[in-house]
1. Would you mention how many residues in region 37-57 are open to solvent by less than 100 Å² (accessible area, probe 1.4 Å) and acidic (Asp, Glu)?
2. Among the residues of region 15-32, are any surrounded by fewer than 12 Cβ atoms within 10 Å (Cβ to Cβ), outside any helix (DSSP H, G or I) and in contact (Cβ under 8 Å) with a residue 24 or more places away in the chain?
3. Any residue in region 37-55 that is in a loop (DSSP other than H, G, I, E, B) and either at pLDDT 95 or above or polar (S, T, N, Q) (or both)?
4. When residues of region 16-34 are filtered for being polar (S, T, N, Q) and either within 12 Å of residue 62 (Cα to Cα) or in contact with a strand residue (DSSP E or B) (Cβ under 8 Å, 6 or more places away or on another chain) (or both), how many remain?
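The values are calculated or read from the model by the stated rules, or taken from the named source; none is laboratory data. As the structure is a computational prediction, the values presented were derived from the model and not from experiment. Glycine also receives a Cβ, built like all others from the backbone with ideal geometry; neighbour counts cover every protein chain displayed. Just so you know, the surface numbers come from the protein's heavy atoms only, side chains and all, with ligands and any DNA or RNA stripped out. Shrake-Rupley method; radii C 1.70, N 1.55, O 1.52, S 1.80 Å.
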Amino acid sequence: VDTHAGLVWSIIRSFRLTTADAQDVAQGVWLAVVQHLGQLRDHERFAAWLATTTRRECLSLLQRSRRLAR
């Protein structure tokens, strides 16, 4: 977590989420790490997987927010 937290937070910040939403996304990302860590075969690609997962979590949150706003 310490090694990659900066990457996760920099991606989350780029989406300009509220503090609460940013924290929710970060929690979801680290939960996904725990759930899928055993499936990771190429440890050198972990940072790329983590970045993609973080972006997807952000986009998912934004989509849910838009649906609720309708």
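1. 2
2. No, the conditions are met nowhere in region 15-32.
3. Scanning region 37-55, I find no residue that is in a loop (DSSP other than H, G, I, E, B) and either at pLDDT 95 or above or polar (S, T, N, Q) (or both), so the answer is no.
4. Here the count works out to 1.
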